[in-house]
Structures are given as C-alpha cells and as structure tokens.
Amino acid sequence: MEKNFEAVLIEKLEPIRGFFLAQAIFHFFSSGLFDSLAEKPKSVGTLAAEHRLNSDRLTAFMQYLGNENIVVFDGSIVQLTSSAREFGQYRPWYELLVGGYAETLLQISDTLCGAGFASRCDRLVGQGSCGISEYDAIPLVQNLLTRLPSAALEIIDLGCGDGRFAARILDGLPDSNGIGVDVSPPETSPHERLKIEQASALDYVQRLAPRLQSEPPSVVVVAFVLQELLGQAGRPTVVEFLRTLRVKGRFVAVVEVDYRPTDPRVMRHGLGRAYYNPYYLLHNLTAQRLAPIDFWEALFLEAGFRPIASGEVSFEIDSTGLEFGRLLSPY
Ligand SMILES: C[S@@+](CC[C@H](N)C(=O)[O-])C[C@H]1O[C@@H](n2cnc3c(N)ncnc32)[C@H](O)[C@@H]1O
C-alpha cells in the first residue's frame, strides 16, 4: 500500500463529501429548519416539535451539519453559523440543481443508453429557476420591457414556474394584468393581478390564437422555456409555436442560455465549473435542448420575428455572458 494512501483517499472522497453536503443543505432549506433557526437559536426538542420531526434523527442531522460548520450544536441548542446564514441567499440554486435534479442524477447510466429521458421534479425546477431569475433573468426582462411603446400590457408568462417571474414583472407595471401558464403551476397565485393556469405552453397558444387579434397588447414571456419545448417537441414545432404568436402589436420576450460546453472561456470560468457544466449535462439527460445563440437567432427569423432589443445579465451576477434576452417583434 502506498505511504500516502489515507491522504489520497481523503482527496478522492471530496466529491462524495460535496454530494452529501449539497443534499443536506437542500433539505435543511426545504424542511423549514433553516428559516426556523434564522429567526433564533432553538433546542432540538423545540425544532422537532415545531416541524413534527423525529428528535433522534434530527439530532443526527444537526450533528452532521455541525461537523460541516453549517450549525453550532452544543448537544442541546442549535444555531446557524455565519457562513450558513450566507447560504440563505443561494437557496434557489439548491432548489433547482439538487431538488429539481437529484433524481435525474440517479438515472445517468440508464439515460446514457439513449432509450429515453431521465425524470426530474418539475415543481422544484420551476421554483428554483424563478428564484435564480430574481437575480438575473427578471431584471433582464424588466429592462427589455422598457423598450415597449405601452406600459399597460397583458403579460403572458409561458412556463411560469412558481409564478414569481410574472409577479415581479407585474410589480413594475401597475396597470397590467398577467397570466402564468405551466405544466406544474403553483397552487395559488403569488400576485393579485396574475391568473395561473395549468397547461402545456403548446396547447395554450393554440387556444390563445383566435383571441390574439382582439385582446389588449400583450407580451409573451418565455424564459428558459423554448429550450423545454425544443427538447419536448423539436425545432419545427417551436417555429410553429412562435408563428402562432406572430400578430401585429404582440411581442415575445425570450431568455435563453447560450450552449458552449466546449468553450474554454466558459468552462474555465468559476461559474462555468460550478453551474453551467452541471446545467449543460442535466439538459442533455432530460427532455430539454439547449442551443447556441446563432441557432436561436435563425429560428426567430424563420418564425417571422426580429429582435427589437437585446439584453444580458448583470456582470455582477454572472460574467460568463451566457444568458441572453431578446425582445421579439413580428416583421
Ligand atoms: C427552467 S423553468 C423556467 C421558469 C421561469 N420561466 C424562469 O424564468 O425562471 C421551466 C419551466 O417550464 C415549465 N414547462 C416545461 N415544459 C412546459 C410546457 N410544455 N408547457 C408549459 N410549461 C412547461 C416547467 O414546469 C418549469 O416550470
């Protein structure tokens, strides 16, 4: 046996440590324990009673988190460490990548055969994605919408996730109403001027089409959703989907992610390694298809739309330049 076996073993187990820790942090959030402890330190007994949990298992969970410097646990009282408090802001990334895709990762080997797509948790994908969008895609779309002639619009958010995206947009448009459509929508609307519908975006636009000529000016928002439709139904269907929305005075706001998995400028970037590398993989395993910007530009033109405004995400949030927005108008 080599002299440094143990040192190398520890190094090689680091990914497994990260695997456990990422799951534990996700469940720390989703169980409500993080929020509970963010209010004030509590005993395990109080936490167990408040959240109806088994106190022996909760003790073991807190011991684990204590050893990872997420909580300080003296055997009775638990409190968040300052480093754990900082994690709070990054919860949506855990909801999306761990909550949404943990089950996908268990299916990698089966899915590599190419026989079918891996499953995921749509609800947590939508929730995590909207949470991340609060930092990047929502300000991007808000900015694009300032280029429109009218401030009173109907916002039709297709693939609306938990509805927060449309809700934030409506916050800034006091005379507008909205509809959020998703295959896995929230039970209640997060905004009084936002109606929620459960439907596929493809079916919804077919039903919407006859009304498009007469209804008030609208913007259809498809943020990280054309990639879903492309994976589910293919390019010709996405072109047809956009053509259905091609009515004078209607606009489409698109947000997508440029697909550059072999570009070293992306893959050697910190966020490239931490986020986009897993993100690209997950899209290939599930029924989604990412594509390079040129692909999308050509598709928009073929569907009869031209971009009247373009946007990127703030460099403070994401300096990879991969996320892009286009405000499309029929030509
Ligand atoms: C990546 S999330 C994007 C959520 C939100 N638009 C955002 O920007 O954060 C994709 C959303 O599309 C939804 N979705 C997937 N396929 C759909 C379809 N065919 N019709 C409607 N919604 C769909 C998913 O349930 C999920 O909520």
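Checking region 263-273 against the condition returns a match, with at least one residue being among the small types (G, A, S), under 21 Å from the mean Cα position of the chain (by Cα), part of a helix (DSSP H, G or I) and away from the ligand (no atom under 13 Å from the Cβ). Restricting the first residue to region 282-299 and requiring it to be in a helix (DSSP H, G or I), which pairs with a second residue that is surrounded by fewer than 20 Cβ atoms within 10 Å (Cβ to Cβ) and not aliphatic (A, V, I, L, M) meet a Cβ separation below 6 Å and a spacing of at least six or different chains? Listed pairs, sorted by first residue: L285/T111; I293/D258. Just wondering, is there one or more residues in region 76-83 that are over 22 Å from F20 (Cα atoms), surrounded by fewer than 21 Cβ atoms within 10 Å (Cβ to Cβ) and modelled with pLDDT under 95? The answer is yes, given that some residue of region 76-83 is over 22 Å from F20 (Cα atoms), surrounded by fewer than 21 Cβ atoms within 10 Å (Cβ to Cβ) and modelled with pLDDT under 95. For region 63-91, what are the residues that are part of a loop (DSSP other than H, G, I, E, B) and of a type in the set (A, V, I, L, M, F, W, C)? Correct list: I70 only. Does any residue of region 15-35 turn out to be among the acidic types (D, E), part of a helix (DSSP H, G or I) and not assigned by TED's automatic domain parsing to the domain that holds V125? Checking region 15-35: at least one residue is among the acidic types (D, E), part of a helix (DSSP H, G or I) and not assigned by TED's automatic domain parsing to the domain that holds V125. For region 193-231, how many residues are near the ligand (Cβ under 8 Å from one of its atoms) and closer than 19 Å to I293 by Cα? Result for region 193-231: 8.
Identify the single condition in (1) surrounded by fewer than 20 Cβ atoms within 10 Å (Cβ to Cβ); (2) modelled with pLDDT under 95; (3) within 15 Å of the ligand (Cβ to nearest atom) that G234 does not satisfy, given that it satisfies every other one. Against the list (1) surrounded by fewer than 20 Cβ atoms within 10 Å (Cβ to Cβ); (2) modelled with pLDDT under 95; (3) within 15 Å of the ligand (Cβ to nearest atom), G234 comes up short only on (2). Exactly one residue among E39, E95, E50 is charged (D, E, K, R) and within 20 Å of the chain's Cα centre (by Cα), and that residue is E95.
The values are calculated or read from the model by the stated rules, or taken from the named source; none is laboratory data. Because the structure is a prediction, the values reported are computed rather than measured. Cβ: placed from backbone, ideal geometry, glycine included. Neighbour counts: every protein chain shown.
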